[in-house]
Amino acid sequence: NASDEVIAFGNGVFNDKQMFEAQFIDGVYGLNDTTRGKGIVTNDAKNANKMVTSISKMFTDGAAVNAHTFAQKTYDYYLKTFDRNSVDDKGFKLVSAVHVNNNWNNASWNGRQMSYGDGDGVNYYNFASGLDVAAHELTHGVTEHSANLIYSYESGALNESMSDIFAKMVDRDPEWLIGEKLIKSGPNRALRSMSNPAEIIDTRTESGYSPDHWSKRYIGTLDSGGVHINSSINNKAAYLISDGGTHYGVTVTGVGRDATEQIYYRALTKYLTKSSNFSMMRSAAIQAATDLYGASSKEVKAVQQAYTAVGVL
Ligand SMILES: Cc1cccc(C(=O)O)c1OC(=O)C1CC1
Ligand SMILES: [Zn+2]
């Protein structure tokens, strides 16, 4: 029988009410949106680690409702802000799996789909519960279909930072915290902080905190050469470009989120390459800001000052 689009309602993990397009296929309602690109589909992995393809009625499953609606919101952000049609700009079908593995404290993009763990319920809530998490994962897809930054050492830290930056452009909060909704208990109130990276305890680093300056970068092999550790250095720069501030004695006059997202999107899609390092990130952002706002613009000045403030020349 014909499948038809319906408007459905459901509650997320924290009973956040969501409204979304759903599909009625072969007698079953499913989280299947055929109105965006080549589609947006959400599956229940039933705590297996294989990606099942069953679309079942999941409006009562908070993780599924969140993963699905957050993928829609992120799709809409890229289309509206940059006229980008999904991760590949060709309508790439966005597939998400929830309840992956058991008590999995992770979320991922594997080149084909997003996956979310349920969290252990002690330190973490369900990893599908944060819009910033979904936007982070989906942006890994955007990066893969643009600069395709190698996921290790400095290029990997930039890969991670792109995901954090756009996560916060989609899911805006004044302190630019990453994954704050996931934390149930533990020393940190978020996975990362872009406004003040050094507030986050990280026992992998020499100082014990996330780095907020290139001189404090993690040099080691953990975390694929520190991709989630050193991303904080570029995150801080992006925060300073947007909101401004004085950091290690260097003052940046912020230019706002809208200019900042345009600068980073242009840098990511036009200037960064798979082996770009932090210094090349500085050059790419300056070039992007020059293209968009002019060589003597306040935006170019903010980029120069921000990268100087985090020790990247
Ligand atoms: C929780 C987690 C663990 C390992 C990798 C990632 C990853 O996607 O890089 C990950 O997800 C995040 O960092 C998102 C922002 C919360
Ligand atoms: Zn990531």
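Bear in mind that the values in this text are calculations on the coordinates, not laboratory data. Quick caveat: nothing in here was measured; it's all calculated off a predicted structure. Counting neighbours? That spans all protein chains shown, and the Cβs are built from the backbone with ideal geometry, glycine included.
Specify the inter-centroid distance of region 141-201 and region 256-303, based on alpha-carbon positions, in whole Å. Region 141-201 and region 256-303 have Cα centres separated by 18 Å. For the chain, the residue among LEU313, VAL122, HIS247 whose Cα projects farthest onto the positive side of the dipole built from Cβ charges is LEU313.
In order along region 220-230, the Karplus-derived 3J(HN,Hα) couplings, from 6.51 cos²θ - 1.76 cosθ + 1.60 at θ = phi - 60°, round to x, 9, 4, 6, 6, x, x, 5, 8, 8, 7 Hz, and Gly and Pro are given as x. If you run the Gaussian network model on the chain, springs between alpha carbon atoms under 10 Å, then out of ASP76, ASP118, ASP258 the most flexible one is ASP258. Among SER232, SER155, sorting on how many other beta-carbon atoms sit within 10 Å of each Cβ, with the fewest leading, yields SER155, SER232. Relative contact order (percent) for the chain, with alpha-carbon contacts under 8 angstrom and 6 or more residues of separation? So the answer I get is 12 percent. For the chain, adding -39500 (n - 2.57) for each run of n ≥ 4 DSSP H residues and dividing by the number of residues yields -11000 deg cm²/dmol at 222 nm.
Taken one residue at a time, the phi angles of region 114-130 give Karplus couplings (6.51, -1.76, 1.60, θ = phi - 60°) of 9, 9, 10, x, 7, x, 8, x, 10, 8, 10, 7, 4, 6, 8, 7, x Hz. Gly and Pro are set to x.
Ordered by the count of other Cβ atoms within 10 Å of each Cβ, fewest first, LYS270, LYS181, LYS73 give LYS270, LYS73, LYS181. When the Gaussian network model of the chain links Cα atoms closer than 10 Å, the mean-square fluctuations of ASN66, ASN196, ASN123 top out at ASN123. Distant-in-sequence amide contacts of TYR209, defined by a placed amide H-H separation under 5 Å and a gap of 5 or more residues or a different chain, comprise ASP202. 3J(HN,Hα) couplings calculated from phi for region 172-187 with the Karplus curve 6.51 cos²θ - 1.76 cosθ + 1.60 (θ = phi - 60°) are, in sequence order, 7, 9, x, 9, 6, 8, 9, x, 5, 6, 7, 7, 9, 7, x, x Hz; Gly and Pro show x.
Amide H contacts for VAL95 (H built 1.01 Å from N in the peptide plane; partners 5 or more residues away or on another chain; cut-off under 5 Å): VAL41, MET114. Is region 234-313 best put as rounded, prolate or oblate by its Cα gyration tensor, with a ≥ b ≥ c the root eigenvalues, rounded for a/c under 1.5, and otherwise prolate when a/b is larger than b/c, oblate when not? It comes out oblate by the Cα gyration axes. Scan around ASN32 for amide H atoms under 5 Å from its own, H built in the peptide plane at 1.01 Å from N, and keep only partners 5 or more places away or cross-chain. Correct list: GLN23.
Say R0 is 30 Å: what FRET efficiency, to the nearest 0.05, do THR203 and LYS46 get from their beta-carbon distance? FRET efficiency, THR203 to LYS46: 0.30.
By other beta-carbon atoms within 10 Å, ranking GLU137, GLU5, GLU299 with the fewest at the front produces GLU5, GLU299, GLU137.
Rounded to the nearest 10 degrees, the angle from helix 153-170 to the longest Cα principal axis of the chain is 60 degrees.
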